[in-house]
Amino acid sequence: MKTLPLTDDTRLLVLTGAGVSAESGVPTFRDAGGLWEGHDVREVATPAGFVRDPLLVWRFYGERRRGLDGIVPNAAHHALASIERRLGDRFLLVTQNIDGLHRAAGSERVIDLHGDLMRSRCSSCDRPPFEDRQAYRPGVAPMCGRCKAAGQDALLRPDIVWFGEIIDRRFLDRIEAFTLDAGRRLVFLAIGTSGLVHPAAALVDAARTVGGTSWLVNAEAPANVDRFDHVVLGAAGKLLPELLGVGEPPAV
Ligand SMILES: NC(=O)c1ccc[n+]([C@@H]2O[C@H](COP(=O)([O-])OP(=O)(O)OC[C@H]3O[C@@H](n4cnc5c(N)ncnc54)[C@H](O)[C@@H]3O)[C@@H](O)[C@H]2O)c1
Ligand SMILES: [Zn+2]
């Protein structure tokens with residue numbers, strides 16, 4: 001099998017999607033026919049859906065939180081944490097996942113582009129997002145409590161970037177700075193993503209623009225497969241340890 005050309009000069013930018021967590025037992029999204037666990041994303045993952053039915057949205061995310069009980073990182077997450085320990089600041093991991101599994105595996109230079117399932121924030125005031133592992137309690141929409149003093153309490157919401165919402169500019173700036181600084185030394189590696197959700201899907205083009213090399217590891221050829229220099233089809237957990245030259249993860 002091929003291995004990634006990682007030299008002392010390489011800057012490795014990794015993008016992961018739902019596929020990297022599939023072998024941990026977290027269901028992917030498009031694989032379920034565009035539905036997310038039987039739900040239309042417009043109902044459960046848009047600001048309009050939340051205004052229409054916050055209880056449904058909270059029930060959905062409560063189930064997703066419960067679904068992560070007992071879920072652990074797989075060999076792909078461990079391989080990425082391992083290569084980060086070798087590369088240090090020459091590594092950056094951008095994930096579309098909200099499951100926290102990269103950090104659980106030990107990755108530190110992580111950008112959670114779409115938020116974190118285990119965090120909540122206020123839908124109104126600017127209190128910082130906070131860790132929240134609460135499952136859904138039937139019929140109860142969690143409230144902020146802190147904006148009560150200002151007159152009217154507001155709903156809490158999951159700290160997730162929903163469809164139609166804007167990604168934190170600071171995240172995009174950090175990715176852009178890493179890419180521009182890397183230039184031709186950039187190796188871009190996308191793993192387990194269907195290449196449909198922007199802006200993540202366009203990172204491969206940015207890599208090309210600066211003269212970098214792009215790799216894709218995916219179970220099947222996604223929409224933007226033609227834009228990659230190298231494509232390796234198969235399961236991320238099986239392929240990545242060898243592809244990154246880090247061997248098997250430590251037994252736990
Ligand atoms: N684990 C999670 O946090 C999670 C799970 C589902 C959806 N989501 C959200 O939904 C959106 C979905 O977009 P997406 O592109 O990340 O996911 P996606 O579900 O649209 O695509 C997943 C891709 O991974 C591939 N894949 C499946 N199993 C694989 C494996 N073992 N190894 C390698 N590839 C595999 C599939 O062929 C598919 O192309 C994201 O924005 C994300 O926030 C997150
Ligand atoms: Zn508030």
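Quick rundown of the values:
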item: For the chain, the Rg and Dmax computed from alpha carbons only, in angstrom; result: 18.8, 63
item: Built amide H within the under 5 Å cut-off of R119, gap 5+; result: D132, D159
item: FRET E, pair V72, K148, Förster distance 45 Å, beta-carbon r, rounded to 0.05; result: 0.70
item: Approximate spin-label separation E63-E220, in nm, with each point projected 7 Å along Cα-to-Cβ; result: 2.3 nm
item: Estimated vicinal HN-Hα couplings, Hz - segment 157-166 in sequence order (Karplus 6.51, -1.76, 1.60; Gly, Pro = x); result: 9, x, 7, 10, 8, 7, 4, x, 9, 9
item: Top positive-direction residue, dipole computed over the chain with Cβ charges, set I71, P47, T16; result: P47
item: Value of relative contact order over the chain, rounded to a whole percent, pairs C-alpha under 8 Å and six or more apart; result: 25 percent
item: Per-residue HN-Hα couplings for segment 94-99 [Karplus 6.51, -1.76, 1.60; θ = phi - 60°; Hz; x = Gly/Pro]; result: 10, 10, 8, 7, 10, 8
item: Under-5 Å amide H pairs with R11, H placed in peptide plane, nonlocal only; result: L186, V187
item: Sorted peptide list for 126-136, 222-232, criterion being average Cβ within 10 angstrom, highest first; result: 222-232, 126-136
item: Cα-centred dipole magnitude for segment 151-242, charges only on beta-carbon of K, R (+1) and D, E (-1), debye, nearest 20; result: 220 debye
item: Computed magnitude of the charge dipole of segment 199-252 (debye, nearest 20; Cβ of K, R +1, Cβ of D, E -1); result: 80 debye
item: Cα centroid separation - segment 57-84 against segment 123-163, whole Å; result: 22 Å
item: Stretch gain in nm, segment E43-D181, where the contour uses 0.36 nm per residue and the Cα spacing is subtracted; result: 45.7 nm
item: Carbon and sulfur %, accessible surface of the chain computed with the full protein complex present, 1.4 Å; result: 52 percent
item: Within the chain: Cβ-based charge dipole about Cα centre, in debye rounded to nearest 20 (Lys, Arg +1; Asp, Glu -1); result: 440 debye
item: Residues D126 and L55, FRET efficiency given R0 of 25 Å [Cβ-Cβ distance, rounded to 0.05]; result: 0.55
item: Residue-normalised accessible area of segment 1-112, expressed per residue, 1.4 Å probe, Å²; result: 43 Å²
item: Within segment 1-92, GluC sites (Glu not before Pro) in DSSP loop having at most 13 other beta-carbon neighbours inside 10 Å; result: E37
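The values are calculated or read from the model by the stated rules, or taken from the named source; none is laboratory data. No experiment lies behind these values; they were computed from the predicted model shown. Every residue, glycine among them, receives a Cβ derived from its backbone with ideal geometry; neighbour counts consider all protein chains shown. Side chains are part of the model used for accessible areas, which takes the heavy atoms of the whole protein and leaves out ligands, DNA and RNA. Shrake-Rupley method; radii C 1.70, N 1.55, O 1.52, S 1.80 Å.
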